[in-house]
Amino acid sequence: MTRQAFLQGVEEFNRQEFYACHDTLEALWMEASEPCRQFYQGILQIAVACYHLENCNWRGAVTLLGEGTRRIRDYRPDYEGINVTRLFEESWELLNSLQHISPEAIASFREEVLHSQADSPSFPKIISI
């Protein structure tokens with residue numbers, strides 16, 4: 001059941017259903033033991049950060065992207081069949097982009113992310129190895 005629930009959370013994350021992903025992964029995180037516990041929490045925090053970005057909450061997005069990337073960094077290059085390096089780098093890039101705008105610019109930044117082009121920030125993706 002745990003693997004199936006994890007894959008469900010990954011699918012929700014990649015469909016940008018960040019609140020649903022949070023619910024799915026939170027249940028796993030609360031029951032998990034290390035080393036999976038910190039890994040699930042990191043992805044969960046990145047999902048919640050993206051949810052905050054969707055809702056124009058600059059502080060929530062920045063705080064949770066920072067915490068989530070910190071939690072998953074030691075799982076690089078891959079863990080649980082996930083390309084953690086890519087998730088880390090995309091999340092770190094989004095965090096850095098957010099840190100270079102003012103909180104007041106979050107609405108236009110959000111639109112840029114939602115309609116991202118090749119050269120603009122985007123939501124991270126979870127890619128299988």
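Read-outs throughout are calculated quantities, based only on the coordinates presented, and are distinct from any laboratory measurement. Values in this document were obtained by computation on a predicted structure and should not be read as measured data.
Couple of notes before you dig in:
- In the chain, the longest principal axis of the Cα atoms and the axis of helix 58-72 are about 40 degrees apart.
- Pairs of Cα atoms farther than 19 Å apart, region 2-114, %: 40 percent
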